[in-house]
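*Asks:* My questions will all concern the structure given below.
The values are calculated or read from the model by the stated rules, or taken from the named source; none is laboratory data. Values in this document were obtained by computation on a predicted structure and should not be read as measured data. Glycine gets a Cβ as well: all are built from the backbone with ideal geometry, and neighbour counts include every protein chain shown. We work out accessible area using only protein heavy atoms, side chains counted, and drop any ligands, DNA or RNA first. Shrake-Rupley method; radii C 1.70, N 1.55, O 1.52, S 1.80 Å.
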Amino acid sequence: MKFFIDTANLEQIREAADMGILDGVTTNPSLMAKEGIAGKDNILRHYAAIAKMVDGDVSAEVISTEFEGIIREGQELAEIAPNIVVKVPMIREGVKAISKFTEMGIRTNCTLVFSSAQAILAAKAGATYVSPFIGRIDDTNWDGMDLIYEIVEIYANYGFATEVLAASIRTSKHIKDCAMAGADVVTCPLKTIEGLFKHPLTDIGLEKFLADYNKLNG
Ligand code: G3P
């Protein structure tokens, strides 16, 4: 399972890359706004900076919601670097654009996916990745993980090449559950990735090992 970091913060991307476990980055307009990145030139420059920091894929999202605009924007984003993947919303015009990008050889991430029916459309259009949002489904008192299980099963039934990129990950348990479900990728905030390290018995065990060593060597 690949690990992407879900942020536009360069420092956090560097920290995750330094851990040696980072496979890529996802961003969205809200995450770019959180970093105060505004204006087309600044936005394109910021994506270029992120794309240089990792070898893996970097999702950059379009703002347009009609076909021509999505295609124009997507082409511009794809030109930034070979590891840029164009992130397109799950709307009718978006699916049409994903289909066109597939023909053009431009890789895509279909975002804002909340049902397996939508995930089927994304795969039919040839999306490179589909992004089901687990946490936001949990927020509505449904179980976001059910969606990951369903999509993984449907894609396996038909051999769809689209990779399941589990998004809106809020807890380390989400990451573990995605691994159980067979998601291809998880994208998470840095603190959620860091949560994977935690186990009190590791801390207690290490403290004891070092204390025993120091008794004779300290
Ligand atoms: O990749 C999508 C993700 O950023 C959404 O996360 O926590 O805003 O639901 P969240």
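*Asks:* As a check on your grasp of the helix formula, calculate [θ] at 222 nm for the chain: sum -39500 (n - 2.57) over DSSP H runs of n ≥ 4, divide by the residue count, round to the nearest 500.
*Replies:* Roughly -16500 deg cm²/dmol at 222 nm, from the helical runs in the chain.
*Asks:* Keeping all protein chains in place, calculate the accessible area per residue for the chain (probe 1.4 angstrom), answer in Å².
*Replies:* Dividing the accessible area of the chain by its residue count gives 53 Å².
*Asks:* Considering only protein heavy atoms, with the full assembly of protein chains and a 1.4 angstrom probe, order M104, M90, M53 by accessible area, largest first.
*Replies:* Per-residue accessible area, sorted high to low, gives M104, M53, M90.
*Asks:* If you don't mind, there's one more thing I want to ask. Could you pull out every one of the aspartates and glutamates with an alpha carbon less than 12 Å from that of K87, ignoring same-chain neighbours closer than 8 positions?
*Replies:* Within reach: D57, E61, E73.
*Asks:* Please work out the C-alpha center-to-center distance from the stretch 97-150 to the stretch 1-43 and express it in whole Å.
*Replies:* 20
*Asks:* Expressed as a whole percentage, what fraction of the accessible surface of the stretch 1-152 belongs to carbon and sulfur atoms when a 1.4 Å probe is rolled over the protein heavy atoms? Spell out each step's value before the answer.
*Replies:* Working: 3650 of 7170 Å².
Taking all protein chains in place, the stretch 1-152 shows 51 percent carbon and sulfur surface.
*Asks:* Residues in the stretch 16-58, backbone N under 12 Å from the label point at F209 (7 Å along the Cα-to-beta-carbon vector): list them, ranges by number please.
*Replies:* none
*Asks:* Something else: Which order do you get for F3, F197 if you rank them by accessible area with a 1.4 Å probe, largest at the top?
*Replies:* F197, F3
*Asks:* Just to be sure I understand: of the beta bridges DSSP finds with both ends in the chain, what percent are antiparallel, rounded to 5?
*Replies:* The antiparallel proportion sits near 0 percent.
*Asks:* Roughly how many nanometres apart are two label points built 7 Å out from the Cα toward the Cβ at R72 and E35?
*Replies:* My value for the distance between the label points is 2.5 nm.
*Asks:* Can you list the aspartates and glutamates whose alpha carbon sits under 15 Å from that of K191, skipping same-chain ones fewer than 8 residues off?
*Replies:* Qualifying aspartates and glutamates at Cα under 15 Å: D6, E11, E15, D18.
*Asks:* With an 8 Å Cα cut-off and a minimum separation of 6 or more residues, compute the relative contact order for the chain in percent.
*Replies:* 17
*Asks:* Taking the stretch 92-176, which chymotrypsin sites (Phe, Trp or Tyr not before Pro) meet the DSSP loop condition and have no more than 14 other C-beta atoms within 10 Å?
*Replies:* Qualifying residues, ordered by number: W142.
*Asks:* Select from the stretch 30-80 those trypsin sites (Lys or Arg not before Pro) which occupy a DSSP coil region and have at most 12 other Cβ atoms within 10 Å, ordered by residue number.
*Replies:* none
*Asks:* Here's a follow-up. Step through the table entries K100/K124; K2/K124; K173/K198, compare each Cα-Cα distance with 20 Å, and write down the pairs that go over it.
*Replies:* In this structure, K2/K124 lie more than 20 Å apart at Cα.
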